[in-house]
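Heads up, the thing below is written out as structure tokens.
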Amino acid sequence: MDFPAERISSSEEQTKQVALEFLSELNASDVVVINGDLGTGKTFFIKKIAEAMGVQNANSPTFAIVNEYDSQPRIYHFDFYRITKVNELHDIGLEDYLNDPEAITFIEWGELFPEVLPSKRYEIKIEQLVNEKRKLRFYRFN
């Protein structure tokens, strides 16, 4: 995948294929920030990547803030939606998660706290179009 990139998906199956294409870019220590309105498929996208990595129980960490999945590499899945202050992220040790060289970290709603995002990261913006169509835009920041 060349960055920036854009993909249009018309179904869950197509979104899964886009997720698998993106997965081929990822390595341990990568951070992936996924933004988009409610219901655009942020968690679905991450869940399909996790399934491809052998995780069958991936779900939204909206209330837990972070879910950890035992895969190779390990997956950390954050959701910033219910966070009200940046100190909450520091209190749970966000920096330790982001600096784990043996894990890929996914962050939903990262745009809510851009000040904690590492400069080296991927960002995905998911936009719902008409019907079930989604536009997925991919960026890489070094």
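Quick note: the coordinates plus some simple rules give every number you see, no bench work behind them. Quantities reported herein were computed from a predicted structural model and do not represent experimental measurements. Cβ sites come from the backbone with ideal geometry, for glycine too, and all protein chains shown count toward neighbours.
Listed values, structure above:
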{"quantity": "Region 1-20 - residue that is polar (S, T, N, Q) and within 11 Å of Ile49 (Cα to Cα) and, of those, farthest from the chain's Cα centre (by Cα)", "calculated": "Gln17"}
{"quantity": "When residues of region 113-126 are limited to those that are in contact (Cβ under 8 Å) with a residue 12 or more places away in the chain and surrounded by fewer than 16 Cβ atoms within 10 Å (Cβ to Cβ), the one farthest from Asp2 (Cα to Cα)", "calculated": "Glu115"}
{"quantity": "Wholly enclosed helices (runs of 4 or more DSSP H) of region 1-107 bearing at least 3 residues crowded, with 17+ Cβ neighbours inside 10 Å and either of a type outside the set (A, V, I, L, M) or free of Cβ contacts under 8 Å to residues at least 40 places away in the same chain (or both)", "calculated": "12-23, 42-52"}
{"quantity": "Candidate set from region 127-142 (those that are under 19 Å from Ser24 (Cα atoms) and out of contact with any helix residue (DSSP H, G or I) (no Cβ under 8 Å at 6 or more places or on another chain)); member that is surrounded by the fewest Cβ atoms within 10 Å (Cβ to Cβ)", "calculated": "Asn142"}
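Conditions tested, residue by residue: (1) among the polar types (S, T, N, Q); (2) within 15 Å of Val31 (Cα to Cα); (3) in contact with a Phe, Trp or Tyr (Cβ under 9 Å, 6 or more places away or on another chain).
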| residue | (1), (2), (3) |
| --- | --- |
| Asp70 | no, no, no |
| Arg74 | no, yes, no |
| His77 | no, yes, yes |
| Arg82 | no, no, yes |
| Val86 | no, no, yes |
| Trp109 | no, yes, yes |
| Leu112 | no, no, yes |
